[in-house]
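Asker: Below is one structure. I have some questions about it.
The values are calculated or read from the model by the stated rules, or taken from the named source; none is laboratory data. The structure presented is a predicted model; accordingly, all values stated were derived computationally and were not measured. In this analysis, Cβ positions are derived from the backbone assuming ideal geometry, glycine residues included, and neighbour counts consider all displayed protein chains. Just the protein is used for accessible areas: all its heavy atoms, side chains included, with ligands, DNA and RNA removed. Shrake-Rupley method; radii C 1.70, N 1.55, O 1.52, S 1.80 Å.
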Amino acid sequence: MAAALAVAAGVAFAVLAVWVASRGTSVPALDEEVHRWALARRGPATIAVARAARWGGTTYVVLPALIVIGAAAAPRGRGLARRLGSGLLPALVASTGVYAEIWVNHVIGRARPPVADWAGAAGGASFPSGHTTAATLFALGCAWAIAGRVRPGWPRGTVWAGAGAYALVVGWSRVWLGVHWPTDVTAAWLFSAAWTAGCIAAITWPARRSAVRTGQSRPRSLSRQGRPSGS
């Protein structure tokens, strides 16, 4: 599941990145339309909400918080060192993802919307959105740490849905403040999903492989007549 998501989101991100880079300074019509729509409808109250939401994608806030949440979500009975390790693992995934996004952002070098449209602080190139990337990596890292501690079904689904909502709100704030094009935010969601899912797949692969080998090495269960089932 994680590997499939990583491939799907990674391919979608790559296609979007190549398309945006190939256009140079030309802004897609959809970006222009959504940008103008947001500018026409925002007001002091919604701008204040968007400015508050941007803190949810600030790296020096979310990365330390991810360590704490990951450690708190560790199974009971673990020592302090193992709990700290449980928090550092998702934080490591998120922080390396942030650095990878910075590199992509620098390589593509897309210009932001006009400064006159900004209702908040911003810096650097535009694609993908750094705040949205950090927020999405944080949200997915938290969900990964917490999901294993809740029952499958709707409780676990609620955890992942909450992560998605968090990422959506921070992404919305960047467009609403006029500092990013919508495709910048979409790319950040895709990149973060691909990065997190790929890391989860790589980290859990040895355990899955060991489980498969263990299952294959077990003798087939005997039926009531004493014969191997399926014979």
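Asker: Take Ala45 and Ala65, extend 7 Å from each Cα along the Cα→Cβ direction, and tell me the distance between the two endpoints in nm.
Answerer: A separation of 2.4 nm, rounded to one decimal place.
Asker: Got a sec to turn the phi values of segment 158-170 into Karplus ³J(HN,Hα) couplings, 6.51 cos²θ - 1.76 cosθ + 1.60 with θ = phi - 60°, whole Hz, x for Gly and Pro?
Answerer: 5, 4, 5, 5, x, 5, x, 5, 4, 5, 5, 5, 5
Asker: Here is a follow-up. Can you figure out the FRET efficiency of Trp205 with Ser22, using R₀ = 45 Å and their beta-carbon distance, to the nearest 0.05?
Answerer: Once rounded, the FRET efficiency stands at 0.85.
Asker: Counting pairs of alpha carbon atoms under 8 Å apart in space and at least six apart in sequence, what relative contact order in percent does segment 32-102 give?
Answerer: Over segment 32-102, the number comes to 25 percent.
Asker: Please give the helix 80-108 orientation as an angle from the longest Cα principal axis of the chain, in degrees from 0 to 90, rounded to the nearest 10.
Answerer: Around 40 degrees separate the two axes.
Asker: While we're on this one: Between Arg42 and residues 5 or more places away or on another chain, which pairs have amide H atoms under 5 Å apart, with H built 1.01 Å from N, and which residues are they?
Answerer: none
Asker: To the nearest 20 Debye, how big is the dipole of segment 70-165 about its Cα centre, given +1 on the beta carbon of each Lys and Arg and -1 on that of each Asp and Glu?
Answerer: With Lys and Arg at +1 and Asp and Glu at -1, about 600 debye.
Asker: Still on this structure, please answer the following. For the chain, which whole percent of the accessible surface, found with a 1.4 angstrom probe, sits on carbon and sulfur atoms?
Answerer: Carbon-and-sulfur percentage of accessible area, whole number: 68.
Asker: Find the relative contact order for the chain and round it to a whole percent, using C-alpha pairs within less than 8 Å whose residues are 6+ positions apart.
Answerer: Contact order relative to length: 31 percent.
Asker: Among Cys199, Ala45, Thr58, whose Cα sits farthest toward the positive end of the charge dipole of the chain (+1 at Cβ of Lys/Arg, -1 at Cβ of Asp/Glu, about the Cα centre)?
Answerer: The Cα lying farthest towards the positive end belongs to Cys199.
Asker: Another one. Using the basic label-point model (7 angstrom from Cα toward the beta carbon), what is the Arg82 to Val150 distance in nanometres?
Answerer: 2.4 nm
Asker: The list (i) 129; (ii) 174; (iii) 182 gives values of volume of the Cα convex hull per residue in Å³, and only one came from this structure; which label was calculated from it?
Answerer: The calculated read-out lines up with (ii).
Asker: Whole-Hz ³J(HN,Hα) for each residue in segment 130-143, computed from phi via Karplus 6.51 cos²θ - 1.76 cosθ + 1.60 with θ = phi - 60°, x for glycine and proline: what do you get?
Answerer: In residue order, the calculated couplings are x, 4, 5, 4, 4, 5, 5, 4, 5, 5, 5, x, 5, 4 Hz.
Asker: Which one of Ser95, Ser173, Ser192 has the biggest mean-square fluctuation once the chain is modelled by GNM with Cα springs under 10 Å?
Answerer: Sorting by GNM fluctuation, first place goes to Ser95.
Asker: At R0 = 30 Å, how high is the FRET efficiency between Trp160 and Ala72 if r is their beta carbon distance? Nearest 0.05 is fine.
Answerer: Efficiency, from the Cβ-Cβ distance: 0.95.
Asker: Now for a separate question. Below 15 angstrom from the Cβ of Ala188, what's the summed charge of the other residues (Lys, Arg +1; Asp, Glu -1)?
Answerer: Counting the neighbours of Ala188, the net charge comes to +1.
Asker: To the nearest 20 debye, what is the magnitude of the charge dipole of the chain about its Cα centre, counting +1 on the Cβ of each Lys and Arg and -1 on the Cβ of each Asp and Glu?
Answerer: 1480 debye
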